[in-house]
Amino acid sequence: MGRTLAEKVWDDHVVRRAEGEPDLLFIDLHLLHEVTSPQAFDGLRQAGRPVRRLDLTIATEDHNTPTLDIDKPIADPVSRAQLETLRKNCADFGVRLHPLGDVEQGVVHVVGPQLGLTQPGTTVVCGDSHTSTHGAFGALAFGIGTSQVEHVLATQTLPLARPKTMAITVEGELPDSVTAKDLILAIIARIGTGGGQGYILEYRGSAIEKLSMEARMTICNMSIEAGARAGMIAPDRTTFDYLRGRDHAPEGEDWDAAVAYWETLRTDDDAVFDAEVVIEAAGLAPFVTWGTNPGQGAPLSASVPDPASYEDASERNAAEKALEYMGLTAGQPLREINVDTVFVGSCTNGRIEDLRNAAAIMDGRQVADGVRMLVVPGSVRVALQAVEEGLDKVFKAAGAEWRHAGCSMCLGMNPDQLAPGERSASTSNRNFEGRQGKGGRTHLVSPQVAAATAVLGHLASPADLSDARTPAGV
Amino acid sequence: MEAFTAHTGRAVPLRRSNVDTDQIIPAHWLKKVTRDGFEDGLFEAWRKDENFVLNRPERKGASVLVAGPDFGTGSSREHAVWALQNFGFKTVISSRFADIFRGNSLKNGLLTVVLDQQVIDALWELTEADPTAEVTVDLEKRQVLAEGVTADFELDENARWRLLNGLDDISLTLQNEPDIAAYEATRPAHKPRTVQA
Ligand code: SF4
């Protein structure tokens, strides 16, 4: 019987297989950041163990880094301690690090792909659940906990039970206004935040094949919000073209050998998935969340749902709690929800294409009065590229704040936070209670919806903007 | 890590579903660089309410958490497990756990037990009515026992064996060092490297 993409990559990394034991898998690439690594290095030190493969390990700083005044000492002592601990650990153990201020610094899931380190058919891990992002390249990539970080540092392997596989097949053509973000939010609303649990998802079908690498990363990034540890997309021409010429992409004969291997990384026609979900691309629309988990979303044209309409008691209960926290009432049209803050950034939507999409809408328009818009590139390289294209000028002219690269307002761990009760439209991936700051209220949106929302001051799509543009484009 | 054979203790009934790791330990606690001292961050937001079940005097010293479905969703932070352990929990019972949380818990010696929601309901009713009621989680017999409740649970043999013996993962893996070296020797040259070896 044929094998799925996930099964092929898995099989190619089995170091040891024994009856009744999880497979021992080899890890090709281990990414580190300051939050989940200190205790792992602590463990190594206590046991007197070295890092086994420094050449497969790389670290960057992202969660705690400020996005303003980055040359000044970091004010928050705890953030500073975490960054200093990472620097000391990397120096002590010899790990390559891209600290704040370095040209390769950025959100770990933006940095790996842009360096060309994330490649098809590799296993990629990081102490961070959004490691699923890297699956966009046909890599088997998943988040791990800190004790697993220590395990990989010490052994370059992980003992793992093989998950089941689920195909998410998206056929047809995405309507004009519908982005990868809308698609993944719709998928999560459909299968639920636990729907992918125990599975590796494979996104496939004609609509997926047409997507850019950036869009594919947005989708795989949020696999974890559907409960799946990993999401994958088979590598193809789009993938190879993205990788060619990047710093760590193979060259010459190695490139040819790599491509020959990568081309085998497709689910066989006779392979069988453990589950399958089929989605018609044409039926989709811009999608936003109204609740406090990423599955609580609806098309922008809809209204806040009535909790009483849920048959399942725990879903009803969750919806009630969410509306209370979010300060929303059932039946309120989503388009009439006003926001205080718009955040464009994160490992979900902080790449160059996302900034281009948001800038195209902001160009010649103004951020609405009383709304604060933060644009935070996912990495320094993305920032430099954006500046080269003049996108920073577009955002600044529109009244948005152009910031330094980092996780920023994706989570409340650095100075960029919502105040209690403040409401944001955010291109990040989690709308959990307090995620963007204590008491903050988050609506997850695409970069396009974020930009239109910034202009109009309420949740909106670009289609709502038809005459708001002033001719003074930059 | 500490071996887990059987544990008996009083319980905290937590009637909430979809408790994500941000709720278990909020992000700002992740700044610590040690493995201990997370107990005060456990369910921090909810603990501001003095009526929150964990704050009730009769729950003091309880060591068994009986939670709603989909416990531990969201971020992969292992601190969620440490916070539960630092607080004094030895085991968490739920009808469904998020994968990463479950993996993290078993690796750290916090036994996560999956039981049918019906059994969870029974445990909730029992321990709400009588906060002194004890719950026993017996890993050797793979059984949860409480007044009026006898429920078998499953746990894969390997995870069970390691918990019973308190074996640490890394030393186990390093017993297979020759296999790792053999795999490394045949890895294709085109695979990426972060630095020249
Ligand atoms: S951008 Fe957000 S989701 Fe991504 S790594 Fe940073 S904090 Fe995590």
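The values are calculated or read from the model by the stated rules, or taken from the named source; none is laboratory data. From a predicted model like this one, the values you see are computed outputs, not experimental measurements. Positions of Cβ are backbone-derived with ideal geometry, glycine not excepted, and every protein chain shown enters the neighbour counts.
Of note:
- Matching residues, region A:189-225, being within 16 Å of the ligand (Cβ to nearest atom), within 14 Å of chain B (Cβ to nearest Cβ) and out of contact with any strand residue (DSSP E or B) (no Cβ under 7 Å at 6 or more places or on another chain): A:221, A:222, A:225
- Selection from region B:107-127 of residues that are of a type in the set (Ser, Thr, Tyr) and over 19 Å from the mean Cα position of the chain (by Cα): B:127
- Restricting region A:1-59 to residues that are among the charged types (D, E, K, R) and closer than 20 Å to residue A:130 by Cβ, the residue that is farthest from the other protein chains (Cβ to nearest Cβ): A:34
- Selection count where residues are surrounded by fewer than 16 Cβ atoms within 10 Å (Cβ to Cβ), assigned to a loop (DSSP other than H, G, I, E, B) and away from chain B (no Cβ under 14 Å), scope region A:263-282: 5
- Only residues that are closer than 16 Å to residue A:146 by Cα and part of a loop (DSSP other than H, G, I, E, B) were counted in region B:25-36, giving 6.
- Strands (runs of 3 or more DSSP E) contained in region B:56-155 and holding at least 1 residues within 14 Å of another protein chain (Cβ to nearest Cβ) and hydroxyl-bearing (Ser, Thr, Tyr): B:91-94, B:111-114
- Any chance residue A:381 is over 30 Å from residue B:18 (Cα atoms) and at pLDDT 95 or above: yes
- Selected residue (criterion: surrounded by the most Cβ atoms within 10 Å (Cβ to Cβ)) from residues of region A:387-436 that are under 18 Å from residue A:64 (Cβ atoms) and without any contact (Cβ under 8 Å) to a residue 40 or more places away in the chain: A:435
- Pairs linking a residue in region A:232-260 that is under 26 Å from residue A:205 (Cα atoms) and within 10 Å of chain B (Cβ to nearest Cβ) to a residue that is at pLDDT 95 or above and in a helix (DSSP H, G or I), with Cβ atoms under 7 Å and 6 or more positions apart or on different chains, are A:259/A:240.
- Of all the criteria given as (1) under 26 Å from residue A:141 (Cα atoms); (2) part of a loop (DSSP other than H, G, I, E, B), the one not satisfied by residue B:51 is (1).
- The test for being surrounded by fewer than 16 Cβ atoms within 10 Å (Cβ to Cβ), of a type in the set (A, V, I, L, M) and more than 16 Å from the ligand (Cβ to nearest atom) holds for residue A:384.
- Identification of strands (runs of 3 or more DSSP E) wholly contained in region A:65-178 with 2 or more residues that are away from the ligand (no atom under 16 Å from the Cβ) and either at the interface with chain B (Cβ under 9 Å from one of its Cβ atoms) or within 26 Å of residue A:242 (Cβ to Cβ) (or both) yields A:96-98, A:157-160, A:164-171.
- Selection status of residue A:184, surrounded by 24 or more Cβ atoms within 10 Å (Cβ to Cβ), part of a helix (DSSP H, G or I) and modelled with pLDDT of 95 or more: yes
- Selected residue [within 23 Å of the chain's Cα centre (by Cα) and not in a loop (DSSP other than H, G, I, E, B)] from A:298, A:260, A:285, A:308: A:298
- Some residue of region A:86-107 being among the hydrophobic types (A, V, I, L, M, F, W, C) and under 17 Å from the mean Cα position of the chain (by Cα): yes
- Filtering region B:60-80 to residues that are within 16 Å of the ligand (Cβ to nearest atom), closer than 23 Å to residue A:314 by Cβ and out of contact with any strand residue (DSSP E or B) (no Cβ under 7 Å at 6 or more places or on another chain) leaves B:75, B:80.
- Summed over region A:15-38, residues that are surrounded by fewer than 22 Cβ atoms within 10 Å (Cβ to Cβ) and within 27 Å of the chain's Cα centre (by Cα) total 0.
- Boolean, residue B:180 is surrounded by 14 or more Cβ atoms within 10 Å (Cβ to Cβ), at the interface with another protein chain (Cβ under 8 Å from one of its Cβ atoms), touching a Phe, Trp or Tyr at 6+ places or on another chain (Cβ under 9 Å) and not in a loop (DSSP other than H, G, I, E, B): yes
- Test: residue in region A:421-435 that is within 12 Å of the ligand (Cβ to nearest atom), within 14 Å of chain B (Cβ to nearest Cβ), under 20 Å from the mean Cα position of the chain (by Cα) and among the acidic types (Asp, Glu): no
- Under the condition of being in a strand (DSSP E or B) and surrounded by fewer than 22 Cβ atoms within 10 Å (Cβ to Cβ), the residues counted in region B:15-24 number 0.
- Selection over region A:324-357 of residues that are more than 16 Å from the ligand (Cβ to nearest atom), touching a strand residue (DSSP E or B) at 6+ places or on another chain (Cβ under 8 Å) and in a helix (DSSP H, G or I) gives a count of 5.
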